[in-house]
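Step one of this worksheet: look at the structure below.
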Amino acid sequence: MNLLHILWSLIQRDLRLAWRSRGELLNPVFFLILVIALFPLGVGPEGKLLARIASGTVWVAALLATMLSLDLIFRSDVEDGSMEQMFVSQTPLSWIVLGKVITHWLVTGLPLVLLAPLLAILMHLPQPGLWALIQSLALGTPVLSLIGSVGVALTVGIRKGGMLLSLLVLPLYVPVLIFGTAAVENAIAGMSPAGPLLILAAMLLFALTLAPLTAAWALKVSLS
Amino acid sequence: MWKTLKRWFHQLGSPRTFYRFSGALIPWLFVAMVITLAWGLYQSLLVAPTDYQQGESYRILYVHVPSAWMGLFIYVLMAVSGLIALVWRMKVAEMVAIACAPIGAAYTFVTLVTGSLWGKPMWGTWWEWDARLTSELFLLFLYLGVMGLYAAIEDRRKAARAAALLALVGVVNLPIIHYSVVWWNTLHQGATVKLFSGESHMHPSMLKALLIMTAATKFHFGVALLQSVRARILQQESKASWVQELVDD
């Protein structure tokens with residue numbers, strides 16, 4: 001079996017498992033909408049103010065939603081022992097991690113990107129910013145999943161690792177947040193969002209090459 | 001020459017040798033720390049001239065700047081010894097990496113507090129989302145993450161390796177975080193506050209005191225680190241016969 005074939009069957013398996021518990025699947029989505037709905041309640045329903053903070057709010061909510069769903073990447077596999085089988089298989093562990101991260105993004109990141117227009121309406125995001133928001137989320141959320149996989153690999157052996165995971169992962173999410181919102185703000189101001197988007201793309205490539213290796217290393221440390 | 005250096009390095013990897021060696025080193029470092037600290041404080045508080053723009057309150061810089069340097073320096077040192085711990089599985093390197101974290105976090109905290117104390121009279125506010133302040137804040141969180149991960153895992157050696165790996169991830173991300181914060185800041189608020197733009201190069205009379213204070217923080221770090229590593233060695237090697245003999249004496 002070549003590596004791509006393994007990757008594909010791994011993704012198929014994980015997607016099937018995710019689909020079997022589809023009730024959980026929607027939780028991050030609901031969480032996201034709920035967080036967005038809290039902001040107008042907190043700062044007031046005034047359209048102008050909401051439009052001003054729209055890009056930041058959507059991005060922060062996306063960060064939080066991704067973070068809360070990170071446990072999905074490895075935890076069930078570690079708990080039922082399939083991770084140990086993957087350890088001893090001939091496939092490089094980093095490759096397996098990559099498959100799991102891709103599935104995680106398909107399950108939690110992609111819905112977020114698709115949901116962006118709705119969130120933009122809720123937050124009165126100015127029209128020119130919408131396309132940039134979708135693009136920046138499409139480039140940025142995979143980075144969040146990739147960085148998150150390292151954090152979750154480090155904390156997977158800890159029983160109550162949730163709060164700790166946020167402490168580990170959120171500081172590393174800062175650059176994604178900055179350039180994600182910058183792309184939207186640029187577009188709203190009538191400038192080209194290409195610069196921040198390209199930086200996000202660079203971050204994605206960087207994380208794509210290094211994060212699976214690091215996460216595999218971290219898994220070996222925390223499950224040894 | 002190279003061979004003896006290499007052998008010395010390997011011997012230092014044994015907890016027992018490290019314990020003996022650091023025990024001999026600490027008094028010297030301590031004396032050096034006391035001397036440089038006293039001299040540095042004298043220089044910075046009494047000898048260095050008053051700043052023509054900032055008055056006396058600029059003197060907090062003699063604590064602030066060395067602490068800020070230490071915050072970064074210790075993080076890099078932590079990551080380097082973390083790498084050594086992960087690659088060669090050296091017990092002592094694990095302990096050094098872990099011992100670095102609280103000291104570095106303390107220096108970063110001091111940097112934030114002194115910066116805020118200085119900011120109140122200078123900028124008129126305790127906190128400004130200035131690029132340096134913000135990245136310093138995230139540096140503190142990176143330290144806290146390493147400490148939190150180490151505390152959460154029960155097996156000490158596993159905890160140290162996981163924390164070391166996190167430190168490595170942090171050191172790769174630190175420049176990315178720093179430069180994106182700098183970029184973010186220039187995007188959002190332009191030139192409201194410029195930390196050092198109005199200032200020319202530092203006058204030698206002020207620089208001297210700063211350098212002495214920097215040396216003092218380095219010596220203090222040496223003392224604090226070695227003491228902490230020694231305590232960890234005794235704790236983790238408590239079953240070893242040489243520790244038993246030491247305790248019995």
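A short reminder: the numbers here are calculations on the coordinates, not readings from a lab. Note that the coordinates shown come from a computational prediction; the quantities given were computed from them, not determined experimentally. Quick reminder, even Gly has a Cβ in these numbers, built from the backbone with ideal geometry, and neighbours come from all protein chains shown.
At a glance:
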item: Shielding by partners, peptide B:167-174 (average Cβ within 10 angstrom, other chains); result: 4
item: For B:134-147, mean number of other protein chain Cβ atoms within 10 Å; result: 3
item: Per residue Cα convex hull volume in Å³ - calculated over chain A; result: 117
item: Segment A:103-112 - phi-based ³J(HN,Hα) in whole Hz, Karplus 6.51/-1.76/1.60, Gly and Pro as x; result: 4, 4, 5, 4, 7, 10, x, 4, x, 5
item: Order of B:205, A:222 under a 10 Å beta carbon neighbour criterion, fewest first; result: B:205, A:222
item: Separation of alpha-carbon centers, segment B:52-75 and segment A:151-215, rounded to whole Å; result: 31
item: Candidate aspartates and glutamates for bridging to residue A:48, where Cα separation is under 19 Å - those fewer than 8 sequence places away on the same chain excluded; result: A:185
item: Listed residues B:36, B:17, B:214, most fluctuating in chain B (Gaussian network, C-alpha, under 10 Å); result: B:17
item: ³J(HN,Hα) computed for each position of segment B:214-230 - Karplus, 6.51 cos²θ - 1.76 cosθ + 1.60, integer Hz, glycine/proline x; result: 4, 4, 4, 5, 4, 5, 4, 4, x, 4, 4, 5, 5, 4, 5, 5, 4
item: Lysines whose Cα lies under 18 Å from that of residue A:100, excluding same-chain neighbours fewer than 8 positions away; result: A:220
item: Cβ neighbours within 10 Å from other chains - mean over A:157-170; result: 4
item: Hits among lysines - C-alpha to C-alpha of residue B:120 under 18 Å, sequence gap 8 or more where chains match; result: B:194
item: In Hz, Karplus ³J(HN,Hα) per residue of segment A:170-187 (6.51, -1.76, 1.60; θ = phi - 60°; x = Gly, Pro); result: 4, x, 6, 7, 3, x, 4, 4, 4, 7, x, 5, 4, 4, 5, 4, 4, 5
item: Centre separation in Å (Cα based) which lies between segment A:1-61 and segment B:6-23; result: 52
